[in-house]
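Below is one structure, written out as structure tokens, with a few remarks after it.
Please treat every number below as a calculation from the coordinates, not as lab data. Here the structure is a predicted model, which means the values were calculated and not measured. Reconstructed Cβ throughout: ideal geometry from the backbone, glycine too, with neighbour counts over all protein chains shown.
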Amino acid sequence: MIVAKRKPIEEIKEMVKGYQKVLNVGCGTCVSVCLVGGEKEVNILNAELEMARKMEDNPIEMGAASVERQCDREFLAELDDKVGEYEALMSMACGVGIQFLAERFPDKPVLPAVDTTGLAVNQDVGWYEERCRSCGSCVLGWTGGICPVTLCAKGLYNGPCGGTNNGSCEIDPEQPCAWFKIYERLAGQGRLDLIKEFHPANAWQDQVPRTLIQPGYEKAEATGQKT
Amino acid sequence: MEKVLKKGHFAFTGELGPPRGANAEEVRKKAAFLKGNVDSVNITDNQTAMVRMSSWASCLLLIQEGLEPNYQMVCRDRNRLAMQSDILGAYALGIRNILCLSGDHCKFGDHPQAKGVFDIDSMQLIAMVKKMRDEGQFLSGGELDEAPKMFIGAAANPFADPFEWRVYRLAKKVSAGVDFIQTQCIYNMEKFRQYMKQANDMGLTEKVFILAGVTPMKSVGMAKYMKNKVPGMDVPDEIIKRLQGVEKKKQAEEGIKIAVEQIEEFKEMKGVAGVHLMAIEWEHKVPQIAEMAKVLPRPKLE
């Protein structure tokens, strides 16, 4: 899923300092699962902001709303009747949701309350580890299901580099060396031949904004219809 | 250096770190200690991710002083466009050797928040330079006007884990097109002997010149630091004990003695084509080490 972390309260306070009435919009999907931007977190942040502003003698009214997915028009439509009374919108969704919210209500300032940090797995409650950089050309088939683009600090395609340190990455003893793990897994599977081959320079797929239209859906996109 | 190796002489190369500033005199001063004592001098490229005078510019200063530089290039700071244009420029200005490296992660340096480029990795850089040289083409396949006839080098660390895999990674560099290898600093001679045996058995030493990396220890403190703090470095306890066995003032001398003994062994070791001496901030000791290791005079080849 997409994971994010909340911005420091001081940064959020700075963003809302000019406003008295802001609608904070949570998202019920990824950021809700990763405990940062769901309904509960919206209420907590609102309470913090209202309290802080009250103490400054400059009260702010924080509205709360949560939609199932901010990356989906049909759910954002639920907000159409609500936003009018607010000076600005705050979003606790990932960067995708925040932008779609801003696109839906182009007259309203939209403020991010979280920093999106990546595509991650749930290792334990509240503990997430990045696994994918959505590079657009997956190599997992020949790297033993371990992503060097994400998990090697240098993103090497022909690792490991000379900095492997007892199975750890040179940047941090706590960070496993991706290529050491790739080696171990492929060795265990008897598939080391896969990485004995030289892998040529990558054709990066993520250097332009990407639009994806699944086969068979080209027509629907062409009509550009909005709900 | 290419001629020295190809004629079968035991090569002896040195290293020079450019200054943290625009001080050309500093480069010339260090170069003076190396002149006549080594076949070529590696010029580091923002080593340990600290900004320094650019490698190619320092290479030019060396050429002006009558030395042969070995242009180090890391993948951390440039994308494939910048790398190829720098290679063309370097060759046009007389640089003939290039060492292809991944580069230390930015985290170690003076700009830890910088974006590491790593558009291509060191292996792909080797293949790119080879393509430019042998096929007269850019990485994209486009024709280039006059190929840079670089002598292509790379590094190898025989000691980082997984040890069993290291010789295969060397083999990959050979298949990518490398002409010479300079290894990480060697302290664990037993492990290096094993590595070289594997390389000989796999026929790699017939395809690539391997220069054994040597860095003399200046003190017990340095040896402990290398052992405990430098990733991928293998410093056996015997080295530390031997340095501890002499009084503090004589530790540097003992370090040099160890290095000289190593060089003597490398001269006899099957598959080792030379030594790469990395006397870090110790360039003034190079003449003495070269003398003691009996690698002088250096062959003069036209």
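How shielded is B:73-79 by partner chains, expressed as the average number of their Cβ atoms within 10 Å of its Cβ atoms?
Going residue by residue through B:73-79 and averaging, the value is 1.
I'd like to know which of A:138, A:166, A:152 lies farthest towards the positive end of the charge dipole of segment A:136-196, counting +1 on Cβ of Lys and Arg and -1 on Cβ of Asp and Glu.
Highest projection toward the positive end goes to A:138.
If the convex hull of the alpha-carbon atoms of segment B:1-159 is projected onto planes in all directions, what is the mean projected area in square nanometres?
One quarter of the hull surface, i.e. the mean projection, equals 10.0 nm².
So which aspartates and glutamates pass the test for residue B:248, namely a Cα distance under 18 Å, with those fewer than 8 places away in the same chain ruled out?
B:237, B:238
Order these peptides, A:168-174, B:95-101, by their mean beta-carbon neighbour count within 10 angstrom, highest first.
For the peptides A:168-174, B:95-101, the packing ranking is B:95-101, A:168-174.
Which of the lysines could a cross-linker span from residue B:249 if the Cα-Cα distance has to be under 29 Å and same-chain partners fewer than 8 positions apart are dropped?
Once the sequence-local lysines are set aside, what remains near residue B:249 is B:29, B:30, B:35, B:218, B:224, B:227, B:229, B:241, B:257, B:285, B:294.
On the principal axes of its Cα set, how long, how wide and how thick is chain A? Give whole Å, largest value first.
65, 49, 27
For segment B:1-103, what is the charge dipole size about the Cα centre, in debye to the nearest 20, if Lys and Arg each add +1 at the Cβ and Asp and Glu each add -1 at the Cβ?
So the dipole magnitude of segment B:1-103 works out to roughly 100 debye.
Run the dipole for segment B:2-292 about the Cα centre, Lys and Arg Cβ at +1, Asp and Glu Cβ at -1, nothing else charged, and hand back the magnitude in debye, nearest 20.
Using Cβ point charges on Lys, Arg, Asp and Glu, segment B:2-292 gives about 420 debye.
Please check which bits of segment A:4-24 a label hung off residue A:130 would reach, taking the label as a point 7 Å along Cα-to-C-beta and the cut-off as backbone N under 20 Å.
A:4-8
First measure r as the distance between the Cβ atoms of residue A:191 and residue A:1, then evaluate 1/(1 + (r/R0)^6) with R0 = 41 Å and state the FRET efficiency to the nearest 0.05.
Using R0 = 41 Å, I get an efficiency of 0.90.
Going by amide H atoms built from the backbone, whose H comes under 5 Å of the H on residue B:41, apart from near neighbours?
Under 5 Å from the amide H of residue B:41 lie the amide H atoms of B:14, B:68, B:70, each far enough along the sequence or on another chain.
Counting other C-beta atoms within 10 Å, which of A:2, B:258 has the fewest, and how do the rest follow?
B:258, A:2
Given the rule -39500 (n - 2.57) for each run of at least 4 DSSP H residues, summed and divided by the residues of chain B, what is its mean residue ellipticity at 222 nm, to the nearest 500 deg cm²/dmol?
Value at 222 nm, helices only: -11500 deg cm²/dmol.
Highest GNM mean-square fluctuation, chain A, Cα pairs closer than 10 Å: which of A:39, A:197, A:103?
Result: A:197 has the largest fluctuation of those listed.
May I ask you to derive the relative contact order of chain B, considering only C-alpha pairs under 8 Å and at least 6 residues apart, and to give it as an integer percent?
Computed over chain B, the figure is 19 percent.
Sequence neighbours fewer than 8 away in the same chain don't count; with that in mind, list the lysines whose C-alpha is under 17 Å from residue B:6.
The reachable lysines, counting only those whose Cα sits under 17 Å from residue B:6, are B:149, B:207, B:267, B:270, B:300.
Please build a GNM for chain A, connecting alpha carbons under 10 Å apart, and tell me which residue among A:187, A:120, A:93 fluctuates the most.
Taking springs between Cα atoms under 10 Å, the residue moving most is A:187.
Would you calculate the separation in nanometres between label points at residue B:149 and residue A:61, each defined as 7 Å from the Cα along the Cα-to-beta-carbon direction?
Between residue B:149 and residue A:61, the simple spin-label model gives 8.1 nm.
Across segment A:93-100, in residue order, what do the Karplus-derived ³J(HN,Hα) couplings come to in whole Hz, using 6.51 cos²θ - 1.76 cosθ + 1.60 with θ = phi - 60° and x for Gly and Pro?
Here the 3J(HN,Hα) series is 7, 5, x, 5, x, 4, 5, 6 Hz.
How much of the DSSP bridge set in chain B is antiparallel, in percent, rounded to the nearest 5?
Roughly 5 percent of the beta bridges in chain B run antiparallel, per DSSP.
Between B:230, B:167, B:117, where does the largest GNM mean-square fluctuation fall for chain B, given springs only between Cα atoms within less than 10 Å?
Highest fluctuation among the options: B:230.
Taking each residue of A:190-203 in turn, how many C-beta atoms of other protein chains fall within 10 Å of its C-beta, and what is the average?
If you average over the peptide's residues, the count of other-chain Cβ atoms is 4.
Counting other beta carbons within 10 Å of each residue's own, what order do B:39, B:234, A:124, A:206 fall into, fewest first?
Taking fewest neighbouring Cβ atoms as first place, the list is A:124, A:206, B:234, B:39.
Just checking the output field for B:127-139: average partner chain Cβ neighbours within 10 Å of each residue's Cβ?
Neighbouring Cβ atoms belonging to other protein chains average 1 per residue here.
Which one, A:209, B:51, A:120, projects farthest toward the positive side of the charge dipole computed for the protein assembly as shown from Cβ point charges (K/R +1, D/E -1)?
The residue sitting farthest along the positive end of the dipole is B:51.
Among A:105, A:49, A:63, pick out the residue whose Cα is farthest towards the positive end of the charge dipole of segment A:2-118, where Lys and Arg carry +1 and Asp and Glu carry -1 on C-beta, about the Cα centre.
Highest projection toward the positive end goes to A:49.
Mind putting a number on the dipole of segment B:144-224 about its Cα centre? Charges go on the C-beta only, +1 for Lys and Arg and -1 for Asp and Glu, and I need it in Debye to the nearest 20.
Charge dipole of segment B:144-224: 340 debye, to the nearest 20.
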